[in-house]
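Accompanying notes for the structure given below.
The values are calculated or read from the model by the stated rules, or taken from the named source; none is laboratory data. Quick caveat, the model's predicted, so the values are computed rather than measured. Quick reminder, even Gly has a Cβ in these numbers, built from the backbone with ideal geometry, and neighbours come from all protein chains shown. Ligands, DNA and RNA are excluded from the accessible area calculation, which covers all protein heavy atoms including side chains. Shrake-Rupley method; radii C 1.70, N 1.55, O 1.52, S 1.80 Å.
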Amino acid sequence: MRILIVDDEPAIRLALLEIVEAAGHTAREAADGATALAALDGQSTDLVLADLRMPGMDGLELLDRVRENHPDTLFVLITALGALKAGAYHYVPKPFDNEEIRSIVERAREVLSLRAENRRLREEIATEYRGMIGDSPAMRETAAFIRRVGPTDVTVLIAGESGTGKELAARAIHAESPRHEKPFIPLNCSALPGELIESELFGHVRGAFTGADRDHDGLFAAAHGGTLFLDEVGDLALAAQSKLLRALEEGCVTPVGSTKSRPVDVRLLAATHRPLTSMVDDGTFRQDLMFRLQVVELSLPPLRERRQDISVLSVHFIAEFAERHGRSARPLGDLARRVLMAYDWPGNVRELRNVLERAVLLTDTETIEVGDLPESLTAEEGPLRPVDAAIAEYPYHEARDRALAAFERSFLGAALERNGGNVSATARALGLHRQSLQKMMRRLDLTR
């Protein structure tokens, strides 16, 4: 890394210079904030190690200027004032420990490496196809299928588990069609009671039923010239299925309470997570409607069958939620990323979105770690938990160190919470010296 050391005491600058250069990094030094800013403007820098108390511009003002003008540069404050972080990547108390400096510099290097990996993955998102992200063979096949059927007017049944992006695929088909400038009207058939579905689809006339105080055109009419997307079409009542089949075959609809039909020009797309063939056997779905909907079928793969897309999806969602909530787009820590890759995702992409939004909101460290993920991802599930499967990919000694660090972080965090964040009370309860606990907290990046 390229490191800038800022301190008004020459002896401290020399000591820090020797530590970081011995670790293989390139270091420069500055005696005050103004000189440091000039050095930063002249050459890109990965990490700044700066004293808090300096004449003229102090460390906090320098931190603000660096965050404003060099947001990608990590900043570590060296201070005798204890638990002061103030937006810095980390802080080191005076007098500092040489090993602690080496540890923090190494962690900063890991953070920068993760950021570089995130940038690489963002570039891969350039392969995004109409909102669908991923470069796995399954997603390439899906995109190719949509490009083939999109320009036609054929009815498409989109099958897939909940959360796989069926509406996204339907919108992509509409966008590829000659109808793309006309309306795209979606309806979740499971969201409305059966007695309202027909009115919602085909419209009704005034007085058709209690509460019908005016004429209503319905969604077929609203989608005229464009595309109507029926999500969870398997939840349609049999009466509505009959009228839907007639509308598709005759190209016209009859509003509820009327005897007059009206022509409609609509392309129908439908989706379901339920097996329609089994529903036909059970008598809950019309076979002739199934054949009419199944002219062409698109099956979307579950996320567990395209795991190589998880990293790219994660980068995309983290950036999206960081911007939405005004947070920094922190990269995934290596173990957290491996846990995401090992998990089976029963809720598919929708579940991944929710997990990462939670992580973006809750994390207070430079990287998203396993502790920022919900317990459902790390709880016992089958013969091997996702977190254990992820750790097992490391060499033994590294896996042991990571597992121990995860235990210490979880254990000390719970102990601090039990004692209201009071460090002295926590140390007494655990049988530790207060200074030892503080040192462990700094090493694990646990704040009060």
task = Quick one: work out Rg over Rh on the C-alpha atoms of the range 248-295, Rh as Kirkwood radius.
result = 1.06
message = For the range 225-378, take N as its residue count and report Rg(C-alpha) divided by 2.2 N^0.38 Å.
response = 1.47
Acute angle (nearest 10 degrees) that the helix 310-325 long axis makes with the longest principal axis of the chain, alpha-carbon atoms = 80 degrees
ask   = Label point 7 Å out from ARG262 along Cα-to-Cβ: which residues of the range 186-213 have amide N under 12 Å?
value = 202-206
Contour minus Cα-Cα distance for VAL280 and GLU297 (0.36 nm per residue) = 4.5 nm
query = Among the DSSP beta bridges whose two residues both lie in the chain, what percent are antiparallel, rounded to the nearest 5?
reply = 10 percent
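When ligands, DNA and RNA are left out and all protein chains stay put, how many square angstrom of accessible area per residue does the chain have with a 1.4 Å probe?
On the way: 21760 Å² over 448 residues.
For the chain, the solvent-accessible area averages 49 Å² per residue.
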ask   = For the residue pair HIS433 and ASP344, what label-to-label distance in nm results when each label sits 7 Å from Cα along the Cα-to-beta-carbon direction?
value = 4.9 nm
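Using just the helices of the chain, give the 222 nm mean residue ellipticity in deg cm²/dmol: DSSP H runs with n ≥ 4 each add -39,500 (n - 2.57), and the total is spread over all residues, rounded to 500.
Working: 19 runs with 216 residues, N = 448.
After summing the helix terms and dividing by the residues of the chain, the value is -14500 deg cm²/dmol.
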Degrees between helix 238-250 axis and first principal axis of the chain (Cα, 0 to 90, nearest 10) = 80 degrees
request  = Tell me the label-point distance for the pair ARG65, GLU305, using the 7 Å Cα-to-Cβ offset, in nm and rounded to one decimal.
outcome  = 5.8 nm
ask   = How much of the accessible area of the chain, probe 1.4 Å, is carbon plus sulfur, in whole percent?
value = 49 percent
message = Could you compute how fast the range 1-76 diffuses translationally, taking Rh as the Kirkwood radius over C-alpha pairs and applying Stokes-Einstein at 10 °C with viscosity 1.306 mPa s? Give it in µm² per second.
response = 132 µm²/s
Degrees between helix 33-42 axis and first principal axis of the chain (Cα, 0 to 90, nearest 10) = 50 degrees
request  = Grab the Cα-Cα distance for PHE411 and ASN98, subtract it from 0.36 nm times how many residues apart they are, and report the gain in nm with one decimal.
outcome  = 110.1 nm
query = Projected area of the range 171-311, taken from the Cα convex hull and averaged over every viewing direction, in nm²?
reply = 10.4 nm²
query = Given the chain reduced to its alpha-carbon atoms as identical point scatterers, what log10 I(q)/I(0) does the Debye formula return at q = 0.08, 0.11 Å⁻¹?
reply = -0.65, -0.93
